[in-house]
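Quick notes on the structure that follows.
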Amino acid sequence: MTPSLILINPWICDFAAYDLWSKPLGLLYLAGYLRYCGFRIHLIDCLDVHHPGMKGDKSMKKPKRRLYGTGKFWRQEVPKPLPLSVIPRPYSRYGLSLNIFVEELNKIRKPAAILVTSLMTYWYPGVKEVISLARKIHPGVPIILGGIYARLCHNHARQNMQADSIVASNDPVSLLKSLSEFGIPTPRLPPDSGHPPYPAFDLLSQIDYVCLLTSRGCPYRCRYCASHFLDPQPIHRDPGELLEEILFWYRDYKVRDFAFYDDALLIDAEKHLALLLEKLARHHLDLRFHTPNAVHVKEITAEIASLMHQTGFRTIRLGLETSDFSLHRNLDNKIAEGDFERGVQYLLKAGFAHNEIGAYILMGLPGQSVDSVMETIDFVANTGVMPFLSEYSPIPHTALWEKAISHSEYNLASEPLFHNNTILPCWDNSQKKDLPRLKTRVLEIREKYR
Ligand code: SF4
(Lines give C-alpha, C1' and ligand atoms only; values in the text may rest on other atoms or scores of the structure.)
Protein backbone atom coordinates (compact mmCIF):
# COMPACT_ATOMS: atom_id res chain seq x y z
CA MET A 1 0.00 0.00 0.00
CA THR A 2 1.27 3.52 -0.81
CA PRO A 3 2.37 5.15 2.46
CA SER A 4 0.56 8.40 3.26
CA LEU A 5 2.22 11.41 4.81
CA ILE A 6 0.45 14.37 6.38
CA LEU A 7 2.33 17.63 5.82
CA ILE A 8 1.30 20.58 7.98
CA ASN A 9 1.89 24.30 7.67
CA PRO A 10 0.94 25.45 11.20
CA TRP A 11 -1.06 28.44 12.36
CA ILE A 12 0.58 31.78 12.96
CA CYS A 13 0.11 32.97 16.56
CA ASP A 14 0.91 36.66 16.77
CA PHE A 15 -0.36 40.19 17.35
CA ALA A 16 -0.62 40.72 13.58
CA ALA A 17 -0.21 38.73 10.37
CA TYR A 18 -0.82 39.45 6.71
CA ASP A 19 -0.58 37.35 3.57
CA LEU A 20 2.07 39.22 1.61
CA TRP A 21 2.69 36.38 -0.83
CA SER A 22 3.23 34.10 2.15
CA LYS A 23 3.31 30.44 1.30
CA PRO A 24 5.25 27.60 2.96
CA LEU A 25 7.56 27.21 -0.04
CA GLY A 26 9.95 24.78 1.70
CA LEU A 27 7.05 22.50 2.65
CA LEU A 28 5.59 22.68 -0.86
CA TYR A 29 8.99 21.74 -2.35
CA LEU A 30 9.10 18.83 0.06
CA ALA A 31 5.55 17.80 -0.89
CA GLY A 32 6.52 17.78 -4.58
CA TYR A 33 9.67 15.79 -3.85
CA LEU A 34 7.97 13.20 -1.60
CA ARG A 35 5.13 12.80 -4.10
CA TYR A 36 7.74 12.08 -6.77
CA CYS A 37 9.25 9.50 -4.40
CA GLY A 38 5.92 7.65 -4.37
CA PHE A 39 4.33 8.84 -1.11
CA ARG A 40 0.69 9.89 -0.98
CA ILE A 41 0.61 13.45 0.35
CA HIS A 42 -2.11 15.07 2.40
CA LEU A 43 -1.27 18.76 2.83
CA ILE A 44 -2.91 20.76 5.61
CA ASP A 45 -2.20 24.44 5.16
CA CYS A 46 -3.49 26.09 8.33
CA LEU A 47 -3.17 29.46 6.55
CA ASP A 48 -5.47 28.42 3.69
CA VAL A 49 -7.84 31.36 3.11
CA HIS A 50 -9.87 29.43 0.51
CA HIS A 51 -10.62 26.25 2.47
CA PRO A 52 -14.22 25.33 1.46
CA GLY A 53 -15.09 24.27 5.02
CA MET A 54 -14.41 27.76 6.39
CA LYS A 55 -17.29 29.30 4.45
CA GLY A 56 -19.82 27.86 6.90
CA ASP A 57 -17.99 29.13 9.99
CA LYS A 58 -19.96 32.14 11.18
CA SER A 59 -17.76 32.65 14.27
CA MET A 60 -14.91 34.08 12.17
CA LYS A 61 -14.97 37.14 9.93
CA LYS A 62 -14.25 36.47 6.27
CA PRO A 63 -10.75 37.76 5.51
CA LYS A 64 -10.52 40.69 3.11
CA ARG A 65 -8.36 39.93 0.12
CA ARG A 66 -6.47 42.60 -1.80
CA LEU A 67 -4.44 43.00 -4.98
CA TYR A 68 -2.36 40.27 -6.61
CA GLY A 69 -3.40 37.50 -4.20
CA THR A 70 -2.40 39.29 -1.00
CA GLY A 71 -4.74 39.98 1.92
CA LYS A 72 -5.82 39.00 5.38
CA PHE A 73 -6.00 35.53 6.93
CA TRP A 74 -8.82 33.97 8.91
CA ARG A 75 -8.30 35.05 12.51
CA GLN A 76 -9.47 34.11 15.95
CA GLU A 77 -8.41 35.97 19.07
CA VAL A 78 -6.82 33.63 21.64
CA PRO A 79 -5.31 34.18 25.11
CA LYS A 80 -1.77 35.55 25.06
CA PRO A 81 1.00 33.21 26.13
CA LEU A 82 2.10 34.10 29.67
CA PRO A 83 5.41 35.81 28.72
CA LEU A 84 3.46 38.24 26.47
CA SER A 85 0.57 38.83 28.88
CA VAL A 86 1.64 42.42 29.69
CA ILE A 87 1.60 43.54 26.05
CA PRO A 88 -1.58 45.63 25.62
CA ARG A 89 -2.64 44.26 22.24
CA PRO A 90 -4.94 41.43 21.17
CA TYR A 91 -3.21 38.20 20.20
CA SER A 92 -4.63 35.85 17.59
CA ARG A 93 -4.35 32.47 15.99
CA TYR A 94 -4.36 33.11 12.25
CA GLY A 95 -5.74 30.47 9.92
CA LEU A 96 -8.25 27.62 9.85
CA SER A 97 -10.62 27.03 12.74
CA LEU A 98 -9.75 24.23 15.17
CA ASN A 99 -12.70 22.15 13.89
CA ILE A 100 -11.59 22.30 10.29
CA PHE A 101 -8.02 21.47 11.24
CA VAL A 102 -9.17 18.41 13.19
CA GLU A 103 -11.42 17.35 10.27
CA GLU A 104 -8.40 17.57 7.97
CA LEU A 105 -6.30 15.44 10.33
CA ASN A 106 -9.07 12.82 10.43
CA LYS A 107 -9.23 12.54 6.63
CA ILE A 108 -6.21 10.20 6.62
CA ARG A 109 -6.88 7.04 8.57
CA LYS A 110 -3.38 5.67 8.99
CA PRO A 111 -0.63 8.09 8.03
CA ALA A 112 2.90 6.69 8.02
CA ALA A 113 4.23 9.96 9.47
CA ILE A 114 3.29 13.57 10.07
CA LEU A 115 5.68 16.30 8.95
CA VAL A 116 5.35 19.78 10.41
CA THR A 117 7.15 22.89 9.23
CA SER A 118 7.89 26.08 11.18
CA LEU A 119 8.77 29.65 10.29
CA MET A 120 9.31 32.60 12.66
CA THR A 121 10.83 31.62 15.98
CA TYR A 122 8.10 33.46 17.94
CA TRP A 123 5.30 31.62 16.13
CA TYR A 124 6.13 28.37 17.90
CA PRO A 125 2.80 28.29 19.86
CA GLY A 126 1.04 27.41 16.56
CA VAL A 127 3.59 24.65 15.92
CA LYS A 128 3.15 23.25 19.40
CA GLU A 129 -0.63 23.21 19.09
CA VAL A 130 -0.70 21.37 15.75
CA ILE A 131 1.75 18.78 17.07
CA SER A 132 -0.31 18.21 20.18
CA LEU A 133 -3.57 17.78 18.18
CA ALA A 134 -1.88 15.55 15.61
CA ARG A 135 -0.53 13.39 18.45
CA LYS A 136 -4.02 13.08 19.98
CA ILE A 137 -5.69 12.10 16.71
CA HIS A 138 -2.93 9.84 15.43
CA PRO A 139 -1.27 8.34 18.52
CA GLY A 140 1.88 6.37 17.78
CA VAL A 141 2.46 8.02 14.38
CA PRO A 142 5.93 9.63 14.18
CA ILE A 143 5.89 13.41 14.04
CA ILE A 144 8.89 15.09 12.40
CA LEU A 145 9.49 18.81 12.76
CA GLY A 146 11.55 20.95 10.37
CA GLY A 147 11.66 24.53 9.14
CA ILE A 148 13.26 27.77 10.24
CA TYR A 149 12.27 27.89 13.93
CA ALA A 150 13.41 24.26 14.33
CA ARG A 151 16.79 25.18 12.86
CA LEU A 152 17.33 28.51 14.61
CA CYS A 153 16.09 27.38 18.03
CA HIS A 154 16.93 23.70 17.84
CA ASN A 155 17.25 23.16 21.61
CA HIS A 156 14.07 25.05 22.40
CA ALA A 157 12.20 22.98 19.78
CA ARG A 158 13.67 19.72 21.14
CA GLN A 159 12.64 20.55 24.70
CA ASN A 160 9.22 22.05 24.03
CA MET A 161 7.60 20.77 20.82
CA GLN A 162 7.32 17.06 21.61
CA ALA A 163 8.16 16.04 18.07
CA ASP A 164 9.68 12.56 17.64
CA SER A 165 12.45 13.96 15.48
CA ILE A 166 13.74 17.33 14.38
CA VAL A 167 15.30 17.70 10.97
CA ALA A 168 17.83 20.50 11.06
CA SER A 169 18.62 20.61 7.35
CA ASN A 170 16.76 21.75 4.26
CA ASP A 171 18.10 18.82 2.24
CA PRO A 172 15.11 16.49 1.54
CA VAL A 173 17.45 13.48 1.63
CA SER A 174 17.89 13.96 5.40
CA LEU A 175 14.12 13.72 5.72
CA LEU A 176 14.07 10.42 3.78
CA LYS A 177 16.75 9.20 6.21
CA SER A 178 14.66 10.25 9.17
CA LEU A 179 11.61 8.44 7.72
CA SER A 180 13.65 5.28 7.22
CA GLU A 181 14.78 5.46 10.87
CA PHE A 182 11.08 5.16 11.73
CA GLY A 183 10.81 2.10 9.47
CA ILE A 184 9.20 4.00 6.57
CA PRO A 185 10.99 3.11 3.32
CA THR A 186 10.94 5.40 0.29
CA PRO A 187 8.74 3.75 -2.37
CA ARG A 188 10.64 5.18 -5.36
CA LEU A 189 14.18 6.46 -5.76
CA PRO A 190 14.44 10.27 -5.60
CA PRO A 191 15.61 12.14 -8.73
CA ASP A 192 19.42 12.17 -8.79
CA SER A 193 19.82 14.56 -11.68
CA GLY A 194 17.83 17.16 -13.59
CA HIS A 195 15.66 19.68 -11.82
CA PRO A 196 13.84 18.69 -8.64
CA PRO A 197 10.03 18.37 -8.86
CA TYR A 198 8.19 21.70 -8.71
CA PRO A 199 6.78 22.78 -5.36
CA ALA A 200 3.30 21.27 -5.03
CA PHE A 201 1.22 24.45 -5.30
CA ASP A 202 -1.44 22.26 -6.95
CA LEU A 203 -2.17 20.75 -3.51
CA LEU A 204 -3.45 24.12 -2.23
CA SER A 205 -7.23 24.78 -2.32
CA GLN A 206 -6.62 27.61 -4.78
CA ILE A 207 -3.48 29.06 -6.35
CA ASP A 208 -3.57 32.86 -6.02
CA TYR A 209 0.12 33.13 -6.88
CA VAL A 210 3.24 31.03 -7.11
CA CYS A 211 6.46 31.70 -5.22
CA LEU A 212 9.70 31.26 -7.11
CA LEU A 213 13.26 30.64 -5.98
CA THR A 214 15.86 31.36 -8.66
CA SER A 215 18.72 31.10 -6.16
CA ARG A 216 19.56 30.24 -2.59
CA GLY A 217 21.82 32.10 -0.21
CA CYS A 218 23.30 35.56 -0.29
CA PRO A 219 26.94 36.69 -0.60
CA TYR A 220 26.45 39.45 2.01
CA ARG A 221 26.74 38.94 5.74
CA CYS A 222 24.42 41.54 7.22
CA ARG A 223 24.70 41.32 10.97
CA TYR A 224 20.93 41.13 11.52
CA CYS A 225 20.20 38.40 8.94
CA ALA A 226 20.35 34.58 9.18
CA SER A 227 20.58 33.91 5.45
CA HIS A 228 24.14 32.54 5.69
CA PHE A 229 23.13 30.19 8.52
CA LEU A 230 20.01 28.89 6.79
CA ASP A 231 21.46 28.69 3.28
CA PRO A 232 25.25 28.45 3.56
CA GLN A 233 25.76 27.14 0.00
CA PRO A 234 24.86 29.66 -2.72
CA ILE A 235 22.91 28.00 -5.54
CA HIS A 236 21.71 29.51 -8.81
CA ARG A 237 19.13 27.73 -10.91
CA ASP A 238 19.28 27.47 -14.67
CA PRO A 239 17.29 30.31 -16.37
CA GLY A 240 15.84 27.91 -18.99
CA GLU A 241 14.55 25.62 -16.27
CA LEU A 242 13.01 28.60 -14.45
CA LEU A 243 11.25 29.71 -17.61
CA GLU A 244 9.75 26.22 -17.95
CA GLU A 245 8.50 26.39 -14.37
CA ILE A 246 6.83 29.77 -14.94
CA LEU A 247 5.25 28.58 -18.19
CA PHE A 248 4.00 25.43 -16.47
CA TRP A 249 2.06 27.41 -13.83
CA TYR A 250 0.95 30.01 -16.37
CA ARG A 251 -0.41 27.53 -18.92
CA ASP A 252 -1.61 24.62 -16.80
CA TYR A 253 -2.93 26.56 -13.78
CA LYS A 254 -3.58 30.04 -15.25
CA VAL A 255 -1.33 31.66 -12.63
CA ARG A 256 -0.57 35.33 -13.31
CA ASP A 257 1.13 36.47 -10.09
CA PHE A 258 4.60 35.28 -9.10
CA ALA A 259 6.57 36.30 -6.02
CA PHE A 260 10.33 35.89 -5.91
CA TYR A 261 11.53 34.45 -2.60
CA ASP A 262 15.24 34.90 -3.32
CA ASP A 263 17.50 36.56 -0.79
CA ALA A 264 19.73 37.83 -3.59
CA LEU A 265 17.63 38.01 -6.76
CA LEU A 266 19.79 40.60 -8.53
CA ILE A 267 23.24 39.28 -7.62
CA ASP A 268 25.07 38.31 -10.83
CA ALA A 269 21.90 39.32 -12.68
CA GLU A 270 23.62 39.40 -16.07
CA LYS A 271 24.28 35.63 -15.76
CA HIS A 272 20.95 34.71 -14.15
CA LEU A 273 17.90 36.93 -13.75
CA ALA A 274 18.60 38.97 -16.89
CA LEU A 275 18.77 35.77 -18.96
CA LEU A 276 15.45 34.60 -17.54
CA LEU A 277 13.80 37.97 -18.15
CA GLU A 278 15.12 38.17 -21.73
CA LYS A 279 13.58 34.77 -22.44
CA LEU A 280 10.32 35.79 -20.77
CA ALA A 281 10.15 39.05 -22.72
CA ARG A 282 10.08 37.06 -25.98
CA HIS A 283 6.91 35.25 -24.82
CA HIS A 284 4.87 38.47 -24.24
CA LEU A 285 2.88 36.99 -21.34
CA ASP A 286 0.52 38.92 -19.09
CA LEU A 287 2.43 38.17 -15.88
CA ARG A 288 2.95 40.15 -12.68
CA PHE A 289 6.05 39.73 -10.58
CA HIS A 290 6.61 40.81 -6.98
CA THR A 291 9.71 41.01 -4.80
CA PRO A 292 8.48 40.93 -1.17
CA ASN A 293 11.96 39.91 0.08
CA ALA A 294 13.54 43.10 -1.29
CA VAL A 295 16.27 43.36 -3.91
CA HIS A 296 19.77 44.79 -3.63
CA VAL A 297 19.46 48.37 -4.76
CA LYS A 298 23.10 48.67 -5.80
CA GLU A 299 22.61 45.85 -8.35
CA ILE A 300 19.92 47.78 -10.25
CA THR A 301 21.20 48.96 -13.61
CA ALA A 302 19.33 50.73 -16.40
CA GLU A 303 19.22 47.42 -18.32
CA ILE A 304 17.88 45.31 -15.49
CA ALA A 305 15.31 47.98 -14.54
CA SER A 306 14.09 48.07 -18.13
CA LEU A 307 13.84 44.26 -18.35
CA MET A 308 11.95 44.14 -15.06
CA HIS A 309 9.48 46.69 -16.33
CA GLN A 310 9.06 44.98 -19.69
CA THR A 311 8.32 41.58 -18.14
CA GLY A 312 5.66 42.80 -15.70
CA PHE A 313 7.24 43.47 -12.30
CA ARG A 314 4.58 45.24 -10.27
CA THR A 315 5.84 45.31 -6.70
CA ILE A 316 9.45 46.32 -6.18
CA ARG A 317 10.81 46.37 -2.65
CA LEU A 318 14.30 47.72 -1.99
CA GLY A 319 16.42 46.77 1.02
CA LEU A 320 17.53 50.20 2.24
CA GLU A 321 17.28 49.63 6.04
CA THR A 322 18.75 53.04 6.94
CA SER A 323 20.04 56.20 5.29
CA ASP A 324 22.63 56.52 8.08
CA PHE A 325 25.78 55.25 6.39
CA SER A 326 27.78 55.07 9.60
CA LEU A 327 25.18 52.55 10.79
CA HIS A 328 25.49 50.65 7.51
CA ARG A 329 29.25 50.33 8.02
CA ASN A 330 28.58 48.56 11.32
CA LEU A 331 25.70 46.43 10.13
CA ASP A 332 26.14 45.46 6.51
CA ASN A 333 27.99 46.28 3.39
CA LYS A 334 25.22 46.08 0.89
CA ILE A 335 24.72 49.72 -0.01
CA ALA A 336 26.94 52.78 -0.41
CA GLU A 337 26.08 56.48 -0.55
CA GLY A 338 24.35 57.33 -3.83
CA ASP A 339 23.32 53.72 -4.64
CA PHE A 340 19.74 54.17 -3.50
CA GLU A 341 19.04 57.37 -5.41
CA ARG A 342 20.66 55.94 -8.54
CA GLY A 343 18.73 52.64 -8.35
CA VAL A 344 15.42 54.48 -7.86
CA GLN A 345 16.14 56.75 -10.84
CA TYR A 346 16.78 53.73 -13.09
CA LEU A 347 13.46 52.21 -11.98
CA LEU A 348 11.49 55.42 -12.50
CA LYS A 349 13.10 56.01 -15.91
CA ALA A 350 12.26 52.44 -16.91
CA GLY A 351 8.60 53.33 -16.40
CA PHE A 352 7.75 52.13 -12.89
CA ALA A 353 5.17 54.21 -11.03
CA HIS A 354 6.17 55.74 -7.70
CA ASN A 355 3.69 53.51 -5.87
CA GLU A 356 5.17 50.35 -7.37
CA ILE A 357 8.50 50.98 -5.61
CA GLY A 358 8.93 50.74 -1.86
CA ALA A 359 11.90 50.79 0.49
CA TYR A 360 12.16 48.73 3.66
CA ILE A 361 13.41 50.68 6.67
CA LEU A 362 14.69 48.68 9.64
CA MET A 363 13.46 50.01 12.95
CA GLY A 364 14.23 48.92 16.49
CA LEU A 365 17.85 47.87 16.03
CA PRO A 366 19.92 47.87 19.21
CA GLY A 367 21.52 51.30 19.54
CA GLN A 368 19.43 52.86 16.73
CA SER A 369 17.76 56.18 17.52
CA VAL A 370 14.21 57.22 16.66
CA ASP A 371 15.63 60.29 14.86
CA SER A 372 17.70 58.07 12.61
CA VAL A 373 14.53 56.19 11.55
CA MET A 374 12.67 59.47 10.94
CA GLU A 375 15.57 60.78 8.83
CA THR A 376 15.49 57.59 6.77
CA ILE A 377 11.73 57.94 6.21
CA ASP A 378 12.28 61.49 4.92
CA PHE A 379 15.21 60.38 2.80
CA VAL A 380 12.99 57.78 1.10
CA ALA A 381 10.21 60.34 0.65
CA ASN A 382 12.65 62.71 -1.08
CA THR A 383 13.59 60.06 -3.64
CA GLY A 384 9.91 59.70 -4.58
CA VAL A 385 9.18 56.15 -3.46
CA MET A 386 7.19 54.63 -0.61
CA PRO A 387 8.67 53.88 2.82
CA PHE A 388 7.78 50.63 4.65
CA LEU A 389 8.80 50.15 8.27
CA SER A 390 10.18 46.77 9.09
CA GLU A 391 10.51 46.14 12.82
CA TYR A 392 13.70 44.40 13.83
CA SER A 393 13.39 40.87 15.17
CA PRO A 394 16.50 39.50 16.92
CA ILE A 395 17.54 36.20 15.34
CA PRO A 396 19.77 33.55 16.92
CA HIS A 397 22.93 32.64 14.94
CA THR A 398 23.29 36.18 13.57
CA ALA A 399 26.24 38.45 14.34
CA LEU A 400 23.94 40.98 16.04
CA TRP A 401 22.41 38.43 18.40
CA GLU A 402 24.68 39.05 21.40
CA LYS A 403 24.26 42.82 21.09
CA ALA A 404 20.49 42.34 20.84
CA ILE A 405 20.54 40.30 24.06
CA SER A 406 22.50 42.98 25.87
CA HIS A 407 20.14 45.76 24.69
CA SER A 408 16.88 44.01 25.52
CA GLU A 409 14.82 44.10 28.69
CA TYR A 410 13.54 40.64 27.69
CA ASN A 411 15.25 37.30 28.09
CA LEU A 412 15.73 36.69 24.37
CA ALA A 413 18.01 33.69 24.84
CA SER A 414 15.54 31.54 26.74
CA GLU A 415 12.18 32.66 25.30
CA PRO A 416 11.67 32.95 21.51
CA LEU A 417 8.33 34.72 22.06
CA PHE A 418 10.43 37.78 22.91
CA HIS A 419 11.92 37.81 19.39
CA ASN A 420 8.54 39.15 18.22
CA ASN A 421 9.16 42.33 16.25
CA THR A 422 5.83 43.85 17.33
CA ILE A 423 7.20 44.37 20.84
CA LEU A 424 10.39 46.06 19.52
CA PRO A 425 12.45 43.99 21.95
CA CYS A 426 15.66 46.05 21.61
CA TRP A 427 14.12 49.48 22.09
CA ASP A 428 13.27 51.02 25.45
CA ASN A 429 9.89 52.44 26.41
CA SER A 430 10.76 56.04 25.54
CA GLN A 431 11.66 54.93 21.99
CA LYS A 432 8.56 52.78 21.67
CA LYS A 433 6.42 55.80 22.56
CA ASP A 434 7.56 57.41 19.31
CA LEU A 435 6.29 54.54 17.20
CA PRO A 436 2.90 56.17 16.37
CA ARG A 437 4.75 59.31 15.17
CA LEU A 438 6.93 57.24 12.82
CA LYS A 439 3.98 55.24 11.54
CA THR A 440 1.89 58.37 10.91
CA ARG A 441 4.69 59.94 8.89
CA VAL A 442 5.05 56.79 6.78
CA LEU A 443 1.31 56.66 6.09
CA GLU A 444 1.23 60.36 5.11
CA ILE A 445 3.94 59.75 2.52
CA ARG A 446 2.36 56.60 1.16
CA GLU A 447 -1.02 58.36 0.94
CA LYS A 448 0.52 60.78 -1.57
CA TYR A 449 1.14 57.92 -4.02
CA ARG A 450 -2.25 56.18 -3.84
S1 SF4 B 1 21.69 41.36 1.78
FE2 SF4 B 1 19.67 40.75 2.52
S3 SF4 B 1 19.63 38.52 2.38
FE4 SF4 B 1 21.76 39.16 2.17
S5 SF4 B 1 22.58 38.98 4.22
FE6 SF4 B 1 21.88 41.10 3.95
S7 SF4 B 1 19.75 41.14 4.69
FE8 SF4 B 1 20.35 38.99 4.40
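The values are calculated or read from the model by the stated rules, or taken from the named source; none is laboratory data. Note that this is a predicted model, so its numbers are computed, not measured. With ideal geometry, Cβ positions are generated from the backbone for all residues, glycine too; neighbour counts draw on all protein chains shown. SASA here: full protein model, heavy atoms, side chains in, ligands and nucleic acids out. Shrake-Rupley method; radii C 1.70, N 1.55, O 1.52, S 1.80 Å.
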- Find the Rg to Rh ratio for the stretch 209-448, where Rh is the Kirkwood radius over alpha-carbon pairs and Rg uses the same atoms. 0.98
- May I ask you to derive the relative contact order of the stretch 209-448, considering only C-alpha pairs under 8 Å and at least 6 residues apart, and to give it as an integer percent? 17
- Selection from F201, S227, L347 lying farthest towards where the dipole of the chain points positive, charges on Cβ: F201
- Query: Accessible surface of Y220 in the full protein assembly, 1.4 angstrom probe, to the nearest 10 Å²?
  - Reply: 50
- Task: Would you list the P(r) distribution for the stretch 195-323, with all Cα-Cα distances sorted into 10 Å bins from 0 and each bin expressed as a whole %?
- Result: 12, 44, 34, 10, 0
- Note on the structure: In debye to the nearest 20, the charge dipole size for the chain, taken about the Cα centre with +1 at each Lys and Arg Cβ and -1 at each Asp and Glu Cβ, equals 1440
- Message: Under 37 °C and 0.692 mPa s, how fast does the stretch 4-181 diffuse according to Stokes-Einstein, given a Kirkwood radius computed over C-alpha pairs? Answer in µm²/s, whole number.
- Response: 196
- Note on the structure: Computed over the chain, the relative contact order (Cα-Cα under 8 Å, seq sep at least six) in percent reads 13
- Ellipsoid semi-axes in whole angstrom, largest first, where each is sqrt(5λ) of the Cα gyration tensor of the stretch 1-69: 27, 15, 11
- Which values of log₁₀ I(q)/I(0), to two decimal places, follow from the Debye formula for the stretch 115-201 at q = 0.23 Å⁻¹ with a uniform point scatterer at every Cα? -1.18
- Query: In whole angstrom, how far apart do the alpha carbon centroids of the stretch 206-267 and the stretch 1-74 sit?
  - Reply: 19
- Query: Reachable lysines from K58, Cα under 25 Å, same-chain residues fewer than 8 places away excluded?
  - Reply: K72, K80, K107
- Query: Which shape class, rounded, prolate or oblate, goes with the stretch 294-372 when its Cα gyration tensor gives a ≥ b ≥ c as root eigenvalues, a/c under 1.5 marks rounded, and past that a/b bigger than b/c marks prolate?
  - Reply: prolate
- Before anything else, pin down the relative contact order of the stretch 4-181: Cα pairs under 8 Å, at least 6 apart, normalised by residue count, whole percent. 25
- Under 4.7 Å Cβ to Cβ, no partner at all: give me those cysteines from the chain, in residue order. C13, C37, C46, C153, C211, C218, C426
- Task: Report, in debye and to the nearest 20, how large the dipole of the stretch 409-450 comes out about its Cα centre when Lys and Arg carry +1 and Asp and Glu carry -1 on their Cβ.
- Result: 400
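How would you classify the chain from its alpha-carbon gyration tensor, with a ≥ b ≥ c the square roots of the eigenvalues: rounded for a/c under 1.5, else prolate if a/b is greater than b/c, otherwise oblate?
oblate
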- For the chain, percent of DSSP beta bridges that are antiparallel (nearest 5) comes out at 20
